[in-house]
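The values are calculated or read from the model by the stated rules, or taken from the named source; none is laboratory data. These numbers come from a predicted model, not from an experiment. Reconstructed Cβ throughout: ideal geometry from the backbone, glycine too, with neighbour counts over all protein chains shown. Areas reflect the complete protein model, heavy atoms only, side chains present, ligands, DNA and RNA absent. Shrake-Rupley method; radii C 1.70, N 1.55, O 1.52, S 1.80 Å.
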Amino acid sequence: MKELFGTLADGTQVHRWSLENGGTRLKVLSYGGIVQGLEVPDRDGRYANVCLGFDSIEEYVDSSPYFGALIGRYGNRIAKGAFTLDGERHQLSVDDGENSLHGGAQGFDRRVWDVEPFTDGTDVGLRLSYTSADGEMGYPGTLEVQVTYTLTRHGDWRIDYEAGTDRATVVNLTNHVYWNLGGEGTGTVEDHELTIAASRYTPTDPGLIPTGELAQVSGTPFDFREAKPIGRDLRAGHPQQVFAKGYDHNWVLDKGVTSEPEHVATLRDPSSGRTLRISTVEPGLQFYSGNFLDGTLTGTGGRTYRQGDALCLETQHFPDAPNHPSFPSTVLRPEQTYRTTTVHSFGA
Ligand code: BGC
């Protein structure tokens with residue numbers, strides 16, 4: 001189903017698409033490819049919307065910290081918003097202190113996408129496309145992007161990203177859903193149990209730019225190799241947590257880059273019984289514990305969002321990879337096609 005969600009200041013209409021399959025209900029906006037709602041049942045079959053969002057387009061435009069949005073051209077930070085590729089230096093839009101975050105001031109989260117619904121066997125979904133002009137936000141190359149949201153008959157939400165360029169560039173696409181498996185607006189996620197299949201993470205400087213080191217999680221608050229409530233070590237006083245006001249780091253997934261999605265993380269809410277399993281082809285996962293939610297935003301359910309009321313699990317290449325030759329490469333050349341897939345599976 002397609003309905004009018006709102007109108008942007010320039011008169012562009014924003015639509016909302018609703019789809020359902022395998023027990024999962026998804027609401028997607030043409031603005032930012034935003035997942036505005038995602039409902040799944042708990043262990044007693046009761047549905048709740050498990051992602052943070054807003055009721056109006058104005059709130060998304062004015063104050064969204066990337067709720068549910070597609071992120072591009074580059075998920076997470078690039079130091080000083082600059083990198084050199086094939087000997088040419090590129091200056092990007094700087095929107096986070098001295099750094100570029102999530103594609104710059106007008107990233108893919110703030111663009112209006114073309115949306116086409118489809119049915120494919122037992123799958124239903126949406127194809128979102130957007131062409132990013134050469135030089136947009138400082139990135140080289142015209143980037144043709146297609147993102148497919150699929151709901152499978154098992155209720156999995158699968159995201160397939162594809163992009164091509166006419167000039168060498170860097171790309172790192174992800175999605176920025178804020179999860180609360182108890183239901184958005186129900187309070188903290190500190191009791192959610194998280195598992196991440198990663199023995200290492202990328203420590204950062206105070207501006208959240210990776211230092212380049214791949215540090216062991218063993219013996220630190222960053223060890224999520226066995227299921228652990230997020231709150232258990234959240235106040236452990238580790239210097240890295242002080243920079244981030246909690247967790248806001250990239251985990252180096254043990255499996256590395258894979259051609260097929262592999263299971264890398266599980267989130268479980270003990271009170272509702274809801275679980276989320278994430279599989280991806282990506283080598284990294286940004287776990288952000290909602291540190292910058294500060295009680296100033298009111299969500300779809302009419303409740304205030306406070307620090308730690310949700311968390312993000314963003315599959316990705318590592319932050320600032322264009323400035324770290326030792327990190328898996330994010331370079332895309334005209335003869336290549338960028339492809340990446342992440343699958344979210346729900347249970348109770
Ligand atoms: C980043 C955080 C940032 C947040 C935006 C996350 O992906 O890692 O540092 O504040 O996005 O709300």
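Structure notes:
- Here Lys27 is the anchor, and the lysines within straight C-alpha reach of less than 29 Å, apart from those fewer than 8 places off in the same chain, are Lys2.
- For the chain, built as a Gaussian network whose Cα springs stay under 10 Å, the top-fluctuating residue of Gly302, Gly219, Gly32: Gly219
- Estimated translational D of region 143-194 in µm²/s (Stokes, Kirkwood radius over Cα pairs; 10 °C; 1.306 mPa s): 111 µm²/s
- Accessible surface of the chain, 1.4 Å probe, proportion on carbon and sulfur as whole %: 45 percent
- Taking the Cα centre of region 61-143 as reference, the dipole from Cβ charges on Lys and Arg (+1) and Asp and Glu (-1) amounts to some 200 debye.
- Computed magnitude of the charge dipole of the chain (debye, nearest 20; Cβ of K, R +1, Cβ of D, E -1): 520 debye
- Inter-part distance where region 311-326 and region 189-266 are each reduced to a Cα centre, Å: 13 Å
- Karplus-derived HN-Hα couplings along region 279-290 (A = 6.51, B = -1.76, C = 1.60, θ = phi - 60°), whole Hz, x at Gly and Pro: 10, 7, 8, 6, x, x, 9, 8, 9, 10, 8, x
- For region 186-289: Kirkwood Rh in Å [reciprocal of mean 1/r, alpha carbons]: 14.1 Å
- Alpha-carbon Debye profile of the chain, log10 I(q)/I(0) at 0.08, 0.11 Å⁻¹: -0.34, -0.68
- Under-5 Å amide H pairs with Gly290, H placed in peptide plane, nonlocal only: Cys312
- About the centre of its Cα atoms, region 1-99 shows a dipole size close to 320 debye [charges on the beta carbon of Lys, Arg (+1) and Asp, Glu (-1) only; nearest 20 debye].
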